[in-house]
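To start, the structure itself, in structure tokens.
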Amino acid sequence: MTTPLSNSLNIADISTTLHPYTDARKHEKQGPLVIDRGEGIHVYDTNGKKYIEALSGLWSVAVGFDEQRLCDAAMAQMQKLPYYHTFAHKSHEPSIRLAEKLVEMTPEHLTRVFYTSSGSEANDTVVKMVWFYNNALGRPEKKKFLARDKGYHGITVASGSLTGLPANHKHFDLPAIPVVHLTCPHFYRFGKDGESEAEFTQRLLDEAEETILREGPETIAAFIGEPVMGAGGVMVPPQGYWPGIEALCRKYDILLVSDEVINGFGRLGTTFGCEKMGFSPDIMVTSKQLTSSYMPLAAVVFSEAVYDVIADNTHALGTFGHGYTATGHPVATAVGLENLRIIEERDLIGNAARLSGPFQEGLRQYADHPLVGEVRGTGLIAALEMVADKDSKRQFDPVGKLGLKGFEIGHEEGLICRSLGDTLALCPPLIMTEDDVAEIVRIMGVILDRTLDYAKSEGMV
């Protein structure tokens, strides 16, 4: 008797693969959900079940899961030049044209591009660039980074150190670089009793300045942050936070890095998150929606002022001793260029802006649900945080059990979201329609009701 494909794949997966962000022993018993194909905002598993992919894969598939133009762009480049590097004065047209496009799309003062294959590699590159930059300026002590609790910047050694999530540090001996994590700018969870949002913002800005003065401005190289935090729980900073952070960076000669890996290319209804939040970075990190994750690609876009210092130092040393085999990979950059054309031609950034109201307002109807402490988000990214007590904001114990149940119920109901502790996060493809919004909102209501029934059955509420 022939073993069904889904069963044979499950067995093979369990016996061979260590999965990221997964309890390996639990996975041995549970096995994977094997996704077989995609179509628009939907994906299908090997049993033919259809799901709305309401997290865009991993915050990343802007144009949906079956965009033929990206397949054609990849095939055409594979047939012409499937691989070449960009080391030692070599280049090729796709990486050149995409760099031109990125310089055109990003804020005017960002004029230079360095490619990697992931956001993690990109943020590792930022760390090394900033260190290289300060060494070139004769400031060897100016190496520390400021980041935030619950920020996410990747999982490699340097980028994982910048990340402010305990699970990314525990037993990995991180942070391994000099980084100071500041308070997460999430008023609902970290505001003090009786404190206004304006007072909370000022407290965080005071904390940042006090930290700079305590550590010594001459030791602080850069501040890095996501305009709107993603994997930490979808936190939108309060008004005035980002302009205040920028002012401190300018006052103390600290480079400002905008991690746009999730925010970039339309997610917030603007081309980049820094535009939405009202600040101007020295360095911008992009990935995910750059290619809609059809190919692994990231790009660091930075100012001419930063470039000039680095370029002079490469001339003095004879090289820039950093790069990857796939830096500026021709197939990845060809796909990225076509992806950005699609985003512009179909006005997907405008679509995100237009649907932001129905999406955010539709989800906010659940603010009165017995489980929901806060509904938050902007553009086409949102989250619903479930709490044990709405008045006190008390979290469930243990944190994460109910979120995981909601995540599993979502699969049963045909909607893929992400559980971040007891927060359910949504980040649907930019191609979705008003009808898609309505269906996502409807299913979220079912998920919350069924999760509440489970919580009652378990004596959690």
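The values are calculated or read from the model by the stated rules, or taken from the named source; none is laboratory data. Quick caveat, the model's predicted, so the values are computed rather than measured. Counting neighbours? That spans all protein chains shown, and the Cβs are built from the backbone with ideal geometry, glycine included. Only protein heavy atoms, including side chains, enter the accessible area calculation; ligands, DNA and RNA are left aside. Shrake-Rupley method; radii C 1.70, N 1.55, O 1.52, S 1.80 Å.
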Pop out the ³J(HN,Hα) list for the stretch 203-217 in order, Karplus 6.51 cos²θ - 1.76 cosθ + 1.60 with θ = phi - 60°, rounded to Hz; leave Gly and Pro as x. 4, 5, 5, 5, 4, 4, 5, 4, 5, 4, 5, 5, 6, x, x
Across all Cα atoms of the stretch 275-360, Rg and the largest Cα-Cα distance (Dmax), in Å, are 17.0, 55
So if I take the centroid of the Cα atoms in the stretch 400-461 and the same for the stretch 374-392, what is the distance between those two points in Å? 12
Rounded to one decimal in nm, the spacing of the 7 Å Cα→Cβ label points at VAL157 and ASP66 is 4.5
Convert each backbone phi in the stretch 76-89 into a coupling constant with the Karplus relation 6.51 cos²θ - 1.76 cosθ + 1.60 (shift: θ = phi - 60°), then list the ³J(HN,Hα) values in order as whole Hz, x for Gly and Pro. 4, 6, 4, 6, 8, 8, x, 7, 7, 9, 10, 6, 6, 6
What is the calculated FRET efficiency for TYR84 to ASP312, with r their C-beta to C-beta distance and R₀ = 35 Å, to the nearest 0.05? 0.80
Which aspartates and glutamates does LYS49 reach when only Cα atoms under 18 Å apart count, and residues fewer than 8 places away in its own chain are ignored? ASP36, GLU39, ASP66, GLU408, GLU412, GLU413, ASP436, GLU439
Points 7 angstrom from Cα along the Cβ direction at LYS26 and ALA176: gap in nanometres? 2.6
Tell me which residues come under 5 Å, amide H to amide H, from ILE35 once H is placed; ignore anything under 5 positions away on its chain. none
Non-local amide H neighbours of THR423 (under 5 Å, H modeled in plane, Pro and chain starts lacking H): which ones? MET386
Quick calc, the chain, dipole around Cα centre from Cβ unit charges on Lys, Arg (+) and Asp, Glu (-), nearest 20 debye, gives 760
Exposed trypsin sites (Lys or Arg not before Pro) absent: longest stretch of the chain, with sites in DSSP loops and at most 11 other Cβ within 10 Å deemed exposed: 193-461
Two-decimal log10 I(q)/I(0) for the stretch 69-346, as the Debye equation yields it once each C-alpha is a single scatterer, q = 0.07, 0.13, 0.14 Å⁻¹: -0.25, -0.86, -0.99
Modelled label-to-label distance, ARG37 and GLU210, 7 Å Cα→beta-carbon offset: nm? 5.9
On the full set of protein chains, 1.4 Å probe, figure out the accessible area of GLU345 and give it in Å² to the nearest 10. 120
Amide H to amide H, which residues 5 or more places from LEU255 or on other chains are under 5 Å from it, using H placed in the peptide plane? ALA222, PHE223
Under the Kirkwood approximation for Rh and a Cα-based Rg, what ratio Rg/Rh is obtained for the stretch 78-147? 1.05
Using θ = phi - 60° and the Karplus form 6.51 cos²θ - 1.76 cosθ + 1.60, what ³J(HN,Hα) does each residue of the stretch 13-26 get, whole Hz, x for Gly and Pro? 5, 4, 8, 10, 10, 9, 8, x, 6, 9, 6, 4, 5, 5
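How large is the helix-only mean residue ellipticity at 222 nm for the chain, computed as the sum of -39500 (n - 2.57) over DSSP H runs with n ≥ 4, divided by its residue count, in deg cm²/dmol to the nearest 500?
Using -39500 (n - 2.57) per qualifying helix, the result is -13000 deg cm²/dmol.
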State in Å² the accessible area per residue of the chain; use a 1.4 Å probe, count heavy atoms of protein chains only, and round to the nearest integer. 43
For a quick check of understanding: with a 1.4 angstrom probe and all protein chains in place, what accessible area in square angstrom does THR319 have, to the nearest ten? 80
Report, in whole Å, the centroid distance computed from the Cα atoms of the stretch 72-100 and the stretch 267-310. 20
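Tell me, what % of the accessible area of the chain is carbon and sulfur with a 1.4 angstrom probe? Can you show the working numbers first?
Values: 10400 of 19920 Å².
Taking all protein chains in place, the chain shows 52 percent carbon and sulfur surface.
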